[in-house]
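Peer 1: Questions regarding the structure given below will be posed in turn.
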Amino acid sequence: MIFKLRDFCIDFVEDKDINAIVEVYNSNKCFLVNHMGTDKVRYEWVLEELENMRKADFYSCKVVEKSSGKVMGIIDFKIGEETYLSLLMIHDNYKNKGVGKLIYQALEEYAKEVKSKCMRIDVVINYDNAVHKFWVKNGFDKIKDVELEWTGKILPAVIMKKNI
């Protein structure tokens, strides 16, 4: 286990978790349509994505609800002097309940413990204003506009950072 909170814990994704990770992705249809041009991902795609993240030295983790043992989200991040949060995705059933904020705050505390100086996230800006607002509320500032390429799509985004 990497870190835990009262109601859930964050741990590395294992092979037995792949179907649950597919379900988390597939519960976020708006994200998938905007970022990938599809409303569904498959088991094989998740395996490939996890391998790509591993090769880039990211931790791919599951967020597990302690009471039920259910995977309620995923988080990909790379620890360093600058901790880079690549993805924080909550299953649609758990959205708008403060879970994302709690997970982010726990990641930030973990990053401080391992001596990171700042947090970074790249936020795609053309599909859900609530996502950008979430990161601003959590203390992030826009650094610059960028374009991200993911699964063959070019996505307008902003790099955001926060000193910790």
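The values are calculated or read from the model by the stated rules, or taken from the named source; none is laboratory data. This is a predicted model, so every value here is computed, not measured. For neighbour counting, all protein chains shown are included, and Cβ atoms are generated from backbone atoms with ideal geometry for every residue, glycine included.
Peer 1: Kindly list the number of the only condition in (1) touching a strand residue (DSSP E or B) at 6+ places or on another chain (Cβ under 9 Å); (2) free of Cβ contacts under 8 Å to residues at least 24 places away in the same chain; (3) of a type in the set (Lys, Arg) that fails for Arg120.
Peer 2: (2) is the only condition that Arg120 fails.
Peer 1: Please determine whether any residue of region 107-120 is in a strand (DSSP E or B), out of contact with any Cys (no Cβ under 6 Å at 6 or more places or on another chain), within 24 Å of Glu49 (Cβ to Cβ) and not hydroxyl-bearing (Ser, Thr, Tyr).
Peer 2: yes
Peer 1: Okay, moving on. Tally time: how many residues in region 21-33 are of a type in the set (A, V, I, L, M, F, W, C), surrounded by fewer than 18 Cβ atoms within 10 Å (Cβ to Cβ) and out of contact with any Phe, Trp or Tyr (no Cβ under 7 Å at 6 or more places or on another chain)?
Peer 2: Residues flagged as of a type in the set (A, V, I, L, M, F, W, C), surrounded by fewer than 18 Cβ atoms within 10 Å (Cβ to Cβ) and out of contact with any Phe, Trp or Tyr (no Cβ under 7 Å at 6 or more places or on another chain) within region 21-33 amount to 1.
Peer 1: Take Ile159 and tell me if it is in contact with a strand residue (DSSP E or B) (Cβ under 6 Å, 6 or more places away or on another chain), aliphatic (A, V, I, L, M), surrounded by 15 or more Cβ atoms within 10 Å (Cβ to Cβ) and under 20 Å from Val24 (Cα atoms).
Peer 2: For Ile159, the condition - in contact with a strand residue (DSSP E or B) (Cβ under 6 Å, 6 or more places away or on another chain), aliphatic (A, V, I, L, M), surrounded by 15 or more Cβ atoms within 10 Å (Cβ to Cβ) and under 20 Å from Val24 (Cα atoms) - is not met.
Peer 1: For region 94-105, state whether one or more residues are under 22 Å from Val13 (Cα atoms), at pLDDT 95 or above and not in a helix (DSSP H, G or I).
Peer 2: no
Peer 1: Something else now. Kindly indicate whether Gly139 is at pLDDT below 95 and at positive phi.
Peer 2: No.
Peer 1: Among the listed residues Ser68, Ser116, identify the single one that is surrounded by 15 or more Cβ atoms within 10 Å (Cβ to Cβ), hydroxyl-bearing (Ser, Thr, Tyr) and more than 12 Å from the chain's Cα centre (by Cα).
Peer 2: After ruling out the rest, the residue left standing is Ser116.
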